[in-house]
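The values are calculated or read from the model by the stated rules, or taken from the named source; none is laboratory data. In this text, all values refer to a predicted model and were calculated from it rather than measured experimentally. Cβ sites come from the backbone with ideal geometry, for glycine too, and all protein chains shown count toward neighbours. We work out accessible area using only protein heavy atoms, side chains counted, and drop any ligands, DNA or RNA first. Shrake-Rupley method; radii C 1.70, N 1.55, O 1.52, S 1.80 Å.
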Amino acid sequence: MNRIQTIAGLRENPDVDVLVIGGGINGISVFRELALQGVDVLLAEKGDYCGGASAALSRMVHGGLRYLENGEFKLVRESLLERDRLLKNAPHYVAPLPTTVPIFDLFSGIANGAFRFLGLSRRPGRRGALVIKTGLAMYDFFTAARRIVPTHKFRSRAETLKVWPAINPAIRNSATYYDAWVSHPERLGTEMLRDTMNEKPSARALNYARISLGDAGLALNDGLSGEPVAVKPRLVVN
Ligand SMILES: Cc1cc2nc3c(=O)[nH]c(=O)nc-3n(C[C@H](O)[C@H](O)[C@H](O)COP(=O)(O)OP(=O)(O)OC[C@H]3O[C@@H](n4cnc5c(N)ncnc54)[C@H](O)[C@@H]3O)c2cc1C
């Protein structure tokens, strides 16, 4: 539905089942899920879609390797699944990201990792070969059934110095593993929005539409006309 139709429709009948406030990646995703399931949903974004944090991230799409130290295996497994889905479904924006870790000793990080696992410490510290090798082996194990990015490569000191002759000579090993990066996160968001509108032309989404709470309840401020429009949702996703 276009902007004029959406605003005219709300003026006629402000009732809506779900109002999603904020058109960042999370708001758009919630909007998409609900709209595709036939729920009457309205998405309102006060500025440009994906103009907030969703355009300003570091652009990493990672499985959360370091969360393994906290014992968050379920979270890492789920993040890796999402990472691989993005690599598969959006190869025009998401690409593999090789990452190399320099390693200077064997045992560092074992005690710290155990403390973190037990919730006794949140202090980051240097990780040795054993901790890194274990983490990367788990990373590979979690993705074994899909194998979208290559498995990690662990190098000896000699192999490392051969690849990077100018590296700190105190190096012991190096490890290269793969995560992913997203080149244009905001485009990924707007593409999901367009996809939703194509699938469900009756879905309603507005940008330049700030939601505020006044004495009369929720109102949507149409940024183009400056006019407020009442909205009466049964449920708000903020
Ligand atoms: C510095 C930094 C680096 C990051 N790096 C990464 C990374 O590498 N990888 C990664 O996966 N994640 C990263 N993140 C996290 C990621 O950016 C966020 O988790 C994600 O963008 C949050 O999306 P969102 O939709 O919840 O929020 P946002 O994208 O901020 O969307 C919220 C939207 O709500 C709108 N809004 C607010 N109030 C109203 C209102 N009253 N009416 C209407 N609209 C309103 C805003 O305009 C905004 O567009 C990073 C975050 C930061 C800050």
Restricting the stretch 26-56 to residues that are over 28 Å from L10 (Cα atoms) and open to solvent by 70 Å² or more (accessible area, probe 1.4 Å), the residue that is farthest from the ligand (Cβ to nearest atom): A56
Residues of the stretch 57-92 satisfying the condition of being in contact with a Lys or Arg (Cβ under 8 Å, 6 or more places away or on another chain), charged (D, E, K, R) and open to solvent by less than 20 Å² (accessible area, probe 1.4 Å): D84
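Here's the yes/no breakdown for (1) in contact with a Gly (Cβ under 7 Å, 6 or more places away or on another chain); (2) crowded, with 16+ Cβ neighbours inside 10 Å; (3) of a type in the set (A, V, I, L, M):
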position: S174; (1), (2), (3): no, yes, no
position: D179; (1), (2), (3): yes, yes, no
position: S183; (1), (2), (3): no, no, no
position: L193; (1), (2), (3): no, yes, yes
position: L213; (1), (2), (3): no, no, yes
position: L235; (1), (2), (3): no, no, yes
Hits in the stretch 23-63 - residues which are out of contact with any Asp or Glu (no Cβ under 7 Å at 6 or more places or on another chain), under 27 Å from Y178 (Cα atoms) and not polar (S, T, N, Q): G24, I25, A53, A56, L57, R59
Could you figure out which of (1) over 13 Å from the mean Cα position of the chain (by Cα); (2) open to solvent by 40 Å² or more (accessible area, probe 1.4 Å) isn't true of L10? (2)
Determine whether R3 is of a type in the set (K, R), surrounded by 14 or more Cβ atoms within 10 Å (Cβ to Cβ), over 20 Å from T151 (Cα atoms) and away from the ligand (no atom under 14 Å from the Cβ). yes
